[in-house]
Amino acid sequence: MLGCCGSRAVRAAVLVAVIGVMLALVRQWLMSKTYTFTREEISALAREHAGLDYEVAFSKMIIELRKKHPGHILPDEDLQWVFVNAGGWMGSMCLLHASLTEYVLLFGTAVDTGGHSGRYWAEISDTILSGTFRQWKEGTTKSEIFYPGDTIVHEVGEATSVQWSAGTWMVEYGRGFIPSTLGFALADTFFSTQDFLTFYYTVRVYTKALLLEANTYLSEVGFF
C-alpha cells in the first residue's frame, strides 16, 4: 500500500515538473519571438478613426492593415461577425488576424452587457471607437469609465468586471499564448447557451487564420 502511494506521488511529482518545464519554455518563447503587430500600432490606428461611424472606421482600418501587413489579414470572404458569450456577457467579434501568439479583432455590442473579463496568459488591449466601456478592477471598490479614443489594457493574469453600453465598438489586440484564452471564450457557448453553430463558426475562423499564417510563413521562407 505504501509502495503504491509512493509510486503515485513520484508520478505526480514528475508530471508537475514536466508541466513546469513546458510552461517555462512557452514563457521563454513568448518573450523572445518576433511579433507581427504591436499594441501601440493597433491603438494608434484605432484612435485615428475614433468618432467616425464605426462601420466606416472598421472598413478603413482593415484596408490599412492589409497594406501594412500583407498576408496576415483574413480576406473579405472569411470575415464574419460571430457572437461571443463569455463570463456572463454577450458581444460580437470579427476576427482579422490570429496566430498562436497574437490576434487582432473588431468587437462590440448592440445591447448593454457586462460580466467577468476572464483571466488569461495574454495581454489584451482595447481601443474604443464608439460607446462606453466600464471596468472594475480586482481589489478595488470603484469602477472607471472609458470613452472613444481611450485604450484599456488587460494585463496577463488580471481579472476585472466589465460592462459595455449599447453601441460600443472597439478594436482589440491580444498578445501571449492565445490558445489559453479559448477556454473562457468558448465555455459559455458550449456549456450554457449550447449554441454549437456559433462554436463551429469561432473554431472555423480561428483555424482559417492559423492556416493563413502558416501559408504566409512558408511563402516567406521560400517553401513555395
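Report, by residue number, each residue of segment 121-147 that is open to solvent by 50 Å² or more (accessible area, probe 1.4 Å) and of a type in the set (A, V, I, L, M, F, W, C). Before you say what the answer is, go through the steps one by one.
Residues of segment 121-147 open to solvent by 50 Å² or more (accessible area, probe 1.4 Å): 121, 134, 136-145, 147.
Matches in segment 121-147: 121, 136, 145.
Quick check: is even one residue across segment 166-179 of a type in the set (Phe, Trp, Tyr), under 26 Å from residue 130 (Cα atoms), open to solvent by 30 Å² or more (accessible area, probe 1.4 Å) and under 13 Å from the mean Cα position of the chain (by Cα)?
Checked against the condition, which is being of a type in the set (Phe, Trp, Tyr), under 26 Å from residue 130 (Cα atoms), open to solvent by 30 Å² or more (accessible area, probe 1.4 Å) and under 13 Å from the mean Cα position of the chain (by Cα), segment 166-179 yields no hits at all.
Please enumerate the residues belonging to segment 161-219 that are over 14 Å from residue 84 (Cα atoms) and hydroxyl-bearing (Ser, Thr, Tyr).
Selection gives 161, 165, 168, 173, 180, 207, 216, 217, 219.
Pick out, from segment 101-218, the strands (runs of 3 or more DSSP E) lying fully within it that include 3 or more residues that are touching an Asp or Glu at 6+ places or on another chain (Cβ under 9 Å).
In segment 101-218, 102-109, 122-130, 133-137, 151-154, 160-164, 168-176 are the strands (runs of 3 or more DSSP E) which contain 3 or more residues that are touching an Asp or Glu at 6+ places or on another chain (Cβ under 9 Å).
Kindly indicate whether residue 87 is in contact with an Asp or Glu (Cβ under 8 Å, 6 or more places away or on another chain) and surrounded by 15 or more Cβ atoms within 10 Å (Cβ to Cβ).
On the way: in contact with an Asp or Glu (Cβ under 8 Å, 6 or more places away or on another chain): yes; surrounded by 15 or more Cβ atoms within 10 Å (Cβ to Cβ): yes.
Against the criterion (in contact with an Asp or Glu (Cβ under 8 Å, 6 or more places away or on another chain) and surrounded by 15 or more Cβ atoms within 10 Å (Cβ to Cβ)), residue 87 qualifies.
Residue 45 fails exactly one of the following numbered conditions: (1) at pLDDT below 90; (2) under 26 Å from residue 213 (Cα atoms); (3) in a helix (DSSP H, G or I). What is the number of that condition?
(1)
The values are calculated or read from the model by the stated rules, or taken from the named source; none is laboratory data. Note that this is a predicted model, so its numbers are computed, not measured. Here the Cβ is made from the backbone with ideal geometry for all residues, glycine too, and neighbour counts use every protein chain on show. Keep in mind that these areas ignore ligands, DNA and RNA; they rest on the heavy atoms of the full protein, side chains included. Shrake-Rupley method; radii C 1.70, N 1.55, O 1.52, S 1.80 Å.
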